[in-house]
Amino acid sequence: MSGSLIKFKKPPCISSWGTVAGRREEEGPLGGRFDISDNTDRFGKDSWEKSESEMQRMALERAILKAGMTNSDVDAVFAGDLINQCTSSSYGLMSFGIPHFGIYGACSTIAEGLMLSSAMVSGGIYRTAAAVCSSHYCSAERQFRSPLEYGSQRAPSAQWTVTGSAAFIVSESGVSFEETDNGEYLIGASGTGCYITEALPGRIFDSGLTDMTDMGAAMAPAAADTFLRYFAESGREPGDFDVIATGDLGLEGSRLLLSLTGDRGLELGPRYTDCGLKIYNLSSSDVHSGGSGCACSGLVLGAELLPRLMSGRIKDILLVATGALMSPTSVEQGGTIPGIAHLIHISSEKG
């Protein structure tokens, strides 16, 4: 460990993952790559909050199945969401009977979960852990803005909360799997490892913004801070990575990030992308500035980035998941919107 940067001496492996997505996400560029989708966004439940819990249950169940494991093989789960007191996670995952850590990093939650899982596994405390996240457009709108029935107009800088859930199994040794044409999984099939080799916890960064319709701008300074710290501490260059991705800055936040890092002499270059810009067709979908929510980076990681790494098309991913740390109460009281950005480095090689 050097400074704040965590370098895992025994890099744990992402053994498997499960992804669950809603209608709009299935209609986007990654459609057909999710394990499960539902064009009603309800997943058989009678409320949006219950639907979100069900997505988490389905995502973790699918990830455990892919790894050829049972619930008892998972020593602990780190899970979070956007709903008050993370009830989507607690209600969704209680049936597994797995020791549960409820975490909250807003939209950066999946990186936080993978970081904590990796620390526990690499340190020998657990053999296997799971990181799970979820978000749902309808439940998030009801909590943070107004019920859908209100029909309020959305600002051009606003982002669309992704409906989905992603679960990742982190273990001491990798379990390669391959999905067949009929949807079954071949455990032990040939594939490249997905090792979490480094992590950098984010710092809370408050630039004084109060506009809930422009969370990309609120999170961008935190992302810039994390990138600048990482490249200063690691000695690496942006060109060392095949993909450099932020979690959900959207159009406005991504532009601001590139401006902030560029002013400090750090050019992220053509390898940079944002998960909020990859999950929807911005030209044909009315999502304004792009996607957001806990599931945004989780779904892009599971549906696109990790499969590319396992296939050997890319070797190194730098993911900086971003989060806006406000609550309905803090906004109503005129509070600012602090941001945070957690970083993980995922490689096809241990060293």
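Points worth noting:
- Selection of the range 102-129 for residues being closer than 18 Å to Glu52 by Cα and aromatic (Phe, Trp, Tyr) yields only Tyr104.
- Scan of the range 253-267 for residues that are surrounded by fewer than 21 Cβ atoms within 10 Å (Cβ to Cβ) and either under 22 Å from the mean Cα position of the chain (by Cα) or closer than 24 Å to Ala166 by Cβ (or both), ordered by number: Arg255, Leu258
- Qualifying residue in the range 14-33 (condition: touching an Asp or Glu at 6+ places or on another chain (Cβ under 6 Å) and at pLDDT below 95): no
- Among the residues listed as Glu198, Glu178, Glu237, Glu172, the single one being of a type outside the set (Lys, Arg), modelled with pLDDT of 95 or more and surrounded by 13 or more Cβ atoms within 10 Å (Cβ to Cβ): Glu198
- Count of residues meeting criterion [more than 18 Å from Gly293 (Cα to Cα) and not polar (S, T, N, Q)] in the range 319-338: 3
- Matching residues in the range 234-259 - criterion: being under 17 Å from Ala111 (Cβ atoms) and out of contact with any Asp or Glu (no Cβ under 9 Å at 6 or more places or on another chain): Ile244
- Single match in Gly31, Gly44 (criterion: out of contact with any strand residue (DSSP E or B) (no Cβ under 7 Å at 6 or more places or on another chain) and either under 17 Å from Leu301 (Cα atoms) or assigned to a helix (DSSP H, G or I) (or both)): Gly31
- Per the conditions (1) crowded, with 24+ Cβ neighbours inside 10 Å; (2) at negative phi; (3) modelled with pLDDT under 95, the sole criterion not satisfied by Ser348 is (1).
- The residues on offer are Ser88, Ser2, Ser95, and the sole one that is within 30 Å of Asp225 (Cβ to Cβ), among the hydroxyl-bearing types (Ser, Thr, Tyr) and modelled with pLDDT of 95 or more is Ser88.
- For the range 243-252, the set of residues classified as part of a helix (DSSP H, G or I) and under 15 Å from the mean Cα position of the chain (by Cα) consists of Gly250 only.
- Verdict on Ser330 being crowded, with 24+ Cβ neighbours inside 10 Å, part of a helix (DSSP H, G or I) and either assigned by TED's automatic domain parsing to the domain that holds Gln56 or of a type in the set (Ser, Thr, Tyr) (or both): no
Here is a yes/no grid of residues against (1) crowded, with 17+ Cβ neighbours inside 10 Å; (2) touching a residue at least 40 places away in the same chain (Cβ under 8 Å); (3) assigned to a helix (DSSP H, G or I):
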residue	(1), (2), (3)
Ser72	no, no, yes
Phe78	yes, yes, no
Ala131	yes, yes, no
Arg142	yes, yes, yes
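- Pairs with Cβ under 7 Å, 6+ apart, first in the range 228-247 and under 13 Å from Gly202 (Cβ atoms), second of a type in the set (Lys, Arg) and at pLDDT below 95: none
Table: residues versus (1) touching a residue at least 24 places away in the same chain (Cβ under 8 Å); (2) part of a loop (DSSP other than H, G, I, E, B); (3) at negative phi; (4) in contact with a Leu (Cβ under 7 Å, 6 or more places away or on another chain).
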residue	(1), (2), (3), (4)
Gly276	yes, no, yes, yes
Leu282	yes, yes, yes, no
Ala303	yes, no, yes, yes
Leu306	yes, no, yes, no
Leu309	yes, no, yes, no
Gly312	yes, yes, no, no
Thr322	yes, no, yes, yes
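- A single entry from Leu65, Leu114, Leu82 fulfils the requirement of being part of a loop (DSSP other than H, G, I, E, B), of a type outside the set (Asp, Glu), closer than 28 Å to Arg24 by Cα and not assigned by TED's automatic domain parsing to the domain that holds Gly216: Leu82.
- Candidates Gly247, Gly265, Gly253: the one that is of a type in the set (Gly, Ala, Ser) and closer than 13 Å to Ile317 by Cα is Gly247.
- Unmet criterion (only one of (1) touching a helix residue (DSSP H, G or I) at 6+ places or on another chain (Cβ under 7 Å); (2) at pLDDT below 95; (3) surrounded by fewer than 24 Cβ atoms within 10 Å (Cβ to Cβ)) for Gly291: (3)
The values are calculated or read from the model by the stated rules, or taken from the named source; none is laboratory data. This structure is a prediction, so every number in the text was calculated from the model and none was measured. Neighbour counts run over all protein chains shown; Cβ positions are idealised from the backbone, glycine included.
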